[in-house]
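Take a look at the structure below.
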Amino acid sequence: MDCNITFLPQNKTIRLKPGVTLLNAARRAGVKIATRCDGKAACLMCKVKIDSEYLAALHPPTDAEKRKLGSLLDAGTRLSCQAKVRGSVTVHVPEDPLKAAIRKQLERQQQEEDDWF
């Protein structure tokens, strides 16, 4: 059975077989997740946030994730290079701060235009 993996705030969804890592799913969906270690759980740059209702849609954390993330796991943080999908899931990808500011400004401008007409 295929899994739907949705990446926010990009709002991109991809349908894949279970067992793929979130990092590989993001790459296939064209969603950029920063990484330096190429998926070896060494750099911690590929952290993503998973809402509590979707945590069961991922395989349990690897030993590497447990060592690296510690209590962050309890808050729904996972390493996208280690977290493997077993069901449909929504993934919150941290935005680059500059891109986030630009996106918010564009959304405000669009809302102002919508309010005007």
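The values are calculated or read from the model by the stated rules, or taken from the named source; none is laboratory data. Since we're looking at a predicted model, the values are computed, not measured. Glycine also receives a Cβ, built like all others from the backbone with ideal geometry; neighbour counts cover every protein chain displayed.
Quick notes on this one:
- Single condition Thr35 does not satisfy, out of (1) within 16 Å of Glu95 (Cβ to Cβ); (2) touching a Cys at 6+ places or on another chain (Cβ under 8 Å); (3) among the hydroxyl-bearing types (Ser, Thr, Tyr); (4) modelled with pLDDT of 95 or more: (4)
- Residue selected from region 34-43 under the condition out of contact with any strand residue (DSSP E or B) (no Cβ under 7 Å at 6 or more places or on another chain) and among the aliphatic types (A, V, I, L, M), by the criterion farthest from Gln10 (Cα to Cα): Ala42
- Residue that is nearest to the chain's Cα centre (by Cα) [pool: residues in region 57-75 that are modelled with pLDDT of 95 or more and outside any helix (DSSP H, G or I)]: Leu58
- Residue identified as in contact (Cβ under 8 Å) with a residue 24 or more places away in the chain and of a type outside the set (Gly, Ala, Ser) among Glu65, Glu112: Glu65
- In region 76-97, the residues that are surrounded by fewer than 23 Cβ atoms within 10 Å (Cβ to Cβ) and in a loop (DSSP other than H, G, I, E, B): Gly76, Arg86, Gly87, Ser88, Val93, Pro94, Glu95, Asp96
- Screening Gly76, Gly87 for residues that are under 29 Å from Ala41 (Cβ atoms) and either β-branched (Val, Ile, Thr) or in contact (Cβ under 8 Å) with a residue 60 or more places away in the chain (or both) leaves exactly one candidate, Gly87.
- Candidate set: region 1-35, residues that are polar (S, T, N, Q) and assigned to a loop (DSSP other than H, G, I, E, B); chosen: the one surrounded by the most Cβ atoms within 10 Å (Cβ to Cβ): Thr35
- When Ser52, Ser88 are checked against the criterion of being under 19 Å from Asn11 (Cα atoms) and in contact with a Cys (Cβ under 7 Å, 6 or more places away or on another chain), a single residue qualifies: Ser88.
- Of all residues in region 76-117, those that are basic (Lys, Arg), closer than 27 Å to Asp38 by Cβ and over 14 Å from the mean Cα position of the chain (by Cα) total 2.
- Residue in region 36-56 that is of a type outside the set (S, T, N, Q), in a helix (DSSP H, G or I), touching a Gly at 6+ places or on another chain (Cβ under 6 Å) and more than 22 Å from Arg103 (Cβ to Cβ) present: no
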